[in-house]
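I have placed the structure first, in the form of structure tokens, so that the comments after it can refer back to it.
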Amino acid sequence: MTRDEITALFARREADWRNRNAAALAADHAADGIVVSPTGGVLEGRAEIERIYRLWFNAFPDLAMARTDLAIDGDLAILLVDISGTHTGDFFGLGPTGRRLQVTGALVYRLKDGLIQHERRILDFTGVLIQIGVLKAKPAAVL
């Protein structure tokens, strides 16, 4: 893929995120694509990848992902994002808490034949669990 094609792919994906279109987001992955995610584990194939998109969109109906940077090197792309939303639906068995989520993430993509072959999602999942109330944390001591 050319740099312009990759840039266009991620612009389209931003629109699909805004529209919470899990099917379109999953369709950007190769049929045998893999996603490694702190929330879903290792996902293999479009159906599993779409399932996790839907899980997030159902748990956080106002989920937003804002791109802060995109780096492209050949068939490798790294997307830095800010993710936010309100927990109003089931999230891995946790009922709605109404709490607000804000987390920064890095998404690392390997592209092939116009599709995402491999994606690694890096985000502070412990921070997610603290923000929605699953885990409790003590404030750090001031030295």
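For the reader, a short list of remarks on this structure follows.
- Subset of the range 39-48 (residues that are more than 16 Å from residue 109 (Cβ to Cβ) and part of a helix (DSSP H, G or I)): 47, 48
- Where a residue in the range 28-53 is closer than 19 Å to residue 91 by Cα and its partner, wherever it lies, is in a helix (DSSP H, G or I) and small (Gly, Ala, Ser), with Cβ under 8 Å and at least six apart: 47/26; 49/26; 50/22; 50/23; 50/26; 53/22; 53/26
- Subset tally (residues that are assigned to a strand (DSSP E or B), hydrophobic (A, V, I, L, M, F, W, C) and over 17 Å from residue 58 (Cβ atoms)) for the range 89-143: 9
- Test result for residue 83, closer than 18 Å to residue 134 by Cβ and part of a strand (DSSP E or B): yes
- Restricting attention to the range 86-143 and to residues that are loosely packed, with under 12 Cβ neighbours inside 10 Å and small (Gly, Ala, Ser), the residue that is farthest from residue 74 (Cα to Cα) turns out to be 141.
- When the range 23-66 is filtered for residues that are surrounded by fewer than 17 Cβ atoms within 10 Å (Cβ to Cβ) and touching a Leu at 6+ places or on another chain (Cβ under 7 Å), only 38 remains.
- Subset of the range 61-79 [under 12 Å from the mean Cα position of the chain (by Cα) and more than 17 Å from residue 110 (Cβ to Cβ)]: 63, 64, 65, 66, 67
- Of all residues in the range 1-14, exactly one satisfies the criterion of being assigned to a loop (DSSP other than H, G, I, E, B) and surrounded by fewer than 12 Cβ atoms within 10 Å (Cβ to Cβ), namely 2.
- Check on residue 69, loosely packed, with under 15 Cβ neighbours inside 10 Å, within 15 Å of residue 1 (Cβ to Cβ) and modelled with pLDDT of 95 or more: no
- Close pairs (7 angstrom Cβ cut-off, 6 or more residues apart or separate chains): under 21 Å from residue 9 (Cα atoms) in the range 100-112, not in a strand (DSSP E or B) anywhere: 110/75; 111/1; 111/6; 111/75; 112/75
- Every pair of residues 6+ apart whose Cβ atoms lie under 6 Å, when the first sits in the range 55-83 and is within 15 Å of residue 119 (Cα to Cα) while the second is among the charged types (D, E, K, R) and not in a strand (DSSP E or B): 72/3
- Scanning the range 15-38 for residues that are closer than 18 Å to residue 61 by Cβ and outside any loop (DSSP other than H, G, I, E, B) yields 15, 16, 17, 18, 22, 23, 24, 25.
The values are calculated or read from the model by the stated rules, or taken from the named source; none is laboratory data. Because the structure is predicted, anything quoted here is derived from the model rather than measured. Positions of Cβ are backbone-derived with ideal geometry, glycine not excepted, and every protein chain shown enters the neighbour counts.
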